[in-house]
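The values are calculated or read from the model by the stated rules, or taken from the named source; none is laboratory data. Given the structure is predicted, the values throughout are model-derived calculations rather than measurements. As a convention, Cβ positions derive from the backbone with ideal geometry for all residues, glycine included, and neighbour counts pool all protein chains shown.
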Amino acid sequence: VSKKILVADDEAHILHVVSMKLRNAGFEVITAVDGEEALELCTAERPDLLITDYQMPFLSGLELCKRLRLQPSTRDIPAMMLTARGFDIEPQEMTEAGISAVLAKPFSPREVLQKVHEFLTPPEAEAVAE
Amino acid sequence: MTPTGTSSSEVLTGMESIFHHVRAHLRELGLNLSVWEGQGRCLGGLDPASEFCHCLGQRASCDAAIGDLARAVAGDGRSALRQTAWGCTLLGLPVRNRRRLSGSAVACYPDSQWLDEEVRARRCASLGLDQQVMAGLAEGPCRHSGQDAGDLLRVAEQYLEAAQSSHTADHELATLSTNLSSTYEELTLLYTISGSMKVNQGPQEFLLGVCREMLEVMNISAAAAVVYIHPPATQEEIVVVAGEIDLTAAEIRMLGDTHIARRLAKYNRPLVDNHFVWRTNPRLGQAVGNLIAVPLFCEKPLGLLLGLNKNADEFSSMDMKLMSSIGNQSAVFLANHMLYADLQDLLMGVLHALTASIDAKDPYTCGHSNRVAIISRRLAEECNLDAGKVQQIYLAGLLHDVGKIGVPESTLCKPGRLTDEEYQAIKRHPGIGAKILGGIRQLDDIIPGILCHHERPDGKGYPEGISGYRLPLEARIIGLADCFDAMTSDRIYRKALPLETVLAEIRDHAGTQFDPMVAEKFLALDLAAFLEELRQPAKTVFPVAIAQEAQE
């Protein structure tokens with residue numbers, strides 16, 4: 001069964017680029033155009049991974065991740081953040097929001113895919129590969 | 001559900017073109033469309049679609065009925081139909097923007113029963129309208145029956161949906177194109193910078209080019225570069241500014257020193273400050289709203305690059321990545337340039353040391369080679385030769401006597417007349433010099449100047465006695481420079497000759513010993529001043545130091 005990834009970004013081109021790369025790599029991709037929709041979809045669809053933009057209307061990526069941690073059903077969804085902010089998010093805030101990785105824009109789609117593989121490869125499989 | 005606050009009407013901003021399209025389509029069907037924001041305020045479209053509606057609206061409370069429906073739809077987000085007592089049908093559609101219920105649209109039409117004489121008479125009577133007038137106006141507008149309302153509602157919904165998705169697609173396309181074009185610009189910027197990395201151009205020129213490119217691509221008001229002192233490449237600090245900013249070069253330098261250098265050194269990555277405050281100097285701080293800075297770093301800090309005042313925006317990680325790349329390339333250029341300048345300096349140092357050691361064999365010729373080099377260079381410039389040739393002649397002038405290393409000191413320093421044998425030994429020095437340097441490929445071009453610097457246009461020189469056009473120009477130039485310096489310097493066998501005497505000598509021997517064209521150029525110079533200049537202590541330490549020790 002292919003893993004399900006939710007990509008949330010209000011910029012259509014980022015959404016297109018990331019989902020295309022992930023779909024071609026065999027993932028099931030669902031998309032959201034703002035933080036609220038992403039929260040709804042996380043709750044309803046329980047994706048295996050969330051890739052979210054930082055700056056989005058209605059609900060920021062950071063706020064979205066924090067909300068996920070509050071609901072038992074979405075608490076364990078790993079999150080990766082894409083950001084165009086010129087500076088890093090405070091490490092403490094990242095831990096609080098359960099953000100496992102931050103990629104600064106412009107990123108290469110390959111880079112995203114590589115990170116996704118890192119997240120979604122179970123530790124046992126890695127051990128076998130080694 | 002209803003959006004609150006003043007932002008509610010803003011939610012519909014940018015959707016004007018959508019409503020414009022939908023309204024035009026519905027008009028063709030005989031429907032009038034009005035648009036309402038969530039709070040129940042009409043944003044347009046209430047003006048009557050026809051003369052019939054105009055007349056009807058004066059008696060019936062159309063606007064109030066439409067407004068009621070609009071508020072209801074905007075309240076619960078569900079489409080709805082209404083029939084008014086005076087025979088109008090209202091279709092209410094919720095309007096969503098970015099998935100949010102943001103308002104509503106109401107389409108309305110007078111029903112086709114207005115065409116029925118009996119119904120019309122009853123309605124006109126209750127509204128107090130002129131039956132004759134309304135009969136004449138009803139034909140066009142009253143074309144749909146009340147039963148069509150459901151179908152028309154679906155049509156209206158589809159129009160709205162289609163217009164919205166086409167609007168979104170247009171918007172996405174525009175964003176994509178903008179992004180693509182700025183990506184192209186960034187790529188081109190990097191290509192341009194790597195293409196302009198020519199090691200023999202000055203860092204000032206290169207950095208100005210870089211700053212101008214940044215200005216074009218990054219949408220900033222000003223760009224600046226600061227390069228610290230790194231002899232020999234940069235004898236003094238470089239501050240380059242492009243664009244418009246209310247700061248002097250010195251103030252930019254200060255900005256770098258007080259605010260940026262330390263923060264950059266700490267992280268060694270781009271620094272973004274979108275809310276820049278210059279606490280110690282608010283006046284200067286006013287000139288800078290936000291900034292981005294990268295270190296120019298190649299093994300050691302070389303300087304920094306600044307982007308100042310992003311127009312109507314903040315610096316983002318895109319700017320950071322671009323700036324990093326520009327910074328890296330610029331640092332590589334600077335490092336290469338410094339290496340080049342360093343090697344050049346080393347070469348010149350070695351050559352000066354070599355010639356100084358020749359000059360040191362005879363205390364009277366202290367600094368001679370250096371002066372001949374300078375005079376030759378000046379003459380070459382006067383002859384309008386290109387920079388490469390001028391440098392070649394300078395080097396040949398510097399090394400012209402290198403062959404004297406092979407001539408016994410007793411001969412070189414002999415105070416009295418030379419014997420024939422001694423004179424023969426002296427005459428061998430151009431050939432020896434040419435041989436010594438013959439093994440250095442890079443110096444091939446300067447050998448003719450060295451070999452022939454004692455040849456004369458009239459063929460009476462040595463070692464070969466060649467004359468006329470076969471005598472290379474550089475040899476004529478160095479020959480004249482050599483004689484001039486010899487005559488204006490003290491020698492063991494005589495004092496320096498007065499300048500007038502020397503000039504008369506040169507004038508008298510133009511055409512025989514000296515090339516007439518070169519002599520003419522030379523005599524046209526302000527030689528008294530030039531001589532003064534030549535007597536200044538040389539910048540390189542070698543000739544003086546070695547000569548002094550030799551004298552002791």
Self-check item: Verdict on residue A:20 being more than 21 Å from residue B:100 (Cα to Cα), within 14 Å of chain B (Cβ to nearest Cβ) and surrounded by fewer than 16 Cβ atoms within 10 Å (Cβ to Cβ)
Solution: yes
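Residue by residue, here is whether (1) modelled with pLDDT of 90 or more; (2) acidic (Asp, Glu) holds:
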{"residue": "B:17", "(1), (2)": "no, no"}
{"residue": "B:33", "(1), (2)": "yes, no"}
{"residue": "B:38", "(1), (2)": "no, no"}
{"residue": "B:51", "(1), (2)": "yes, yes"}
{"residue": "B:74", "(1), (2)": "yes, no"}
{"residue": "B:81", "(1), (2)": "yes, no"}
Exercise. Take the range A:43-73 and flag every residue that is surrounded by fewer than 22 Cβ atoms within 10 Å (Cβ to Cβ), at pLDDT 95 or above and closer than 18 Å to residue A:107 by Cβ.
Key: A:49
Self-check item: helices (runs of 4 or more DSSP H) contained in the range B:358-455 and holding at least 2 residues of a type in the set (Gly, Ala, Ser)
Solution: B:368-382, B:387-399, B:429-437
Practice problem: Output the residues belonging to the range B:462-480 that are surrounded by 19 or more Cβ atoms within 10 Å (Cβ to Cβ) and either under 23 Å from residue B:409 (Cα atoms) or of a type in the set (Val, Ile, Thr) (or both). | Solution: B:477, B:478, B:479
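Residues checked against (1) of a type in the set (A, V, I, L, M, F, W, C); (2) touching a residue at least 40 places away in the same chain (Cβ under 8 Å); (3) farther than 30 Å from residue B:337 by Cβ:
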| position | (1), (2), (3) |
| --- | --- |
| B:127 | yes, yes, yes |
| B:140 | no, yes, yes |
| B:147 | no, no, yes |
| B:162 | yes, no, yes |
| B:188 | no, no, no |
| B:191 | no, no, no |
Exercise. Give the residues of the range A:5-17 that are away from every other protein chain (no Cβ under 11 Å) and either closer than 21 Å to residue B:318 by Cα or modelled with pLDDT under 95 (or both), sorted by residue number.
Key: A:7, A:8, A:9
Exercise. Mind listing whichever residues of the range B:245-288 are assigned to a loop (DSSP other than H, G, I, E, B), of a type outside the set (S, T, N, Q) and within 14 Å of chain A (Cβ to nearest Cβ)?
Key: B:269, B:270, B:275, B:276
Quiz item: Which of the following residues is at pLDDT below 90 and either touching a Lys or Arg at 6+ places or on another chain (Cβ under 9 Å) or within 14 Å of chain B (Cβ to nearest Cβ) (or both): A:126, A:111, A:96?
Solution: A:96
Practice problem: Tell me which residues, restricted to the range B:415-439, are touching a residue at least 24 places away in the same chain (Cβ under 8 Å) and under 17 Å from residue B:492 (Cα atoms). | Solution: B:415, B:416
Quiz item: Just one of B:47, B:68, B:76, B:116 is more than 22 Å from residue B:153 (Cα to Cα), among the acidic types (Asp, Glu) and out of contact with any helix residue (DSSP H, G or I) (no Cβ under 7 Å at 6 or more places or on another chain); which is it?
Solution: B:116
Quiz prompt | All helices (runs of 4 or more DSSP H) inside the range B:40-151 with 2 or more residues being under 20 Å from residue B:26 (Cα atoms) and within 57 Å of the chain's Cα centre (by Cα) | solution = B:62-76
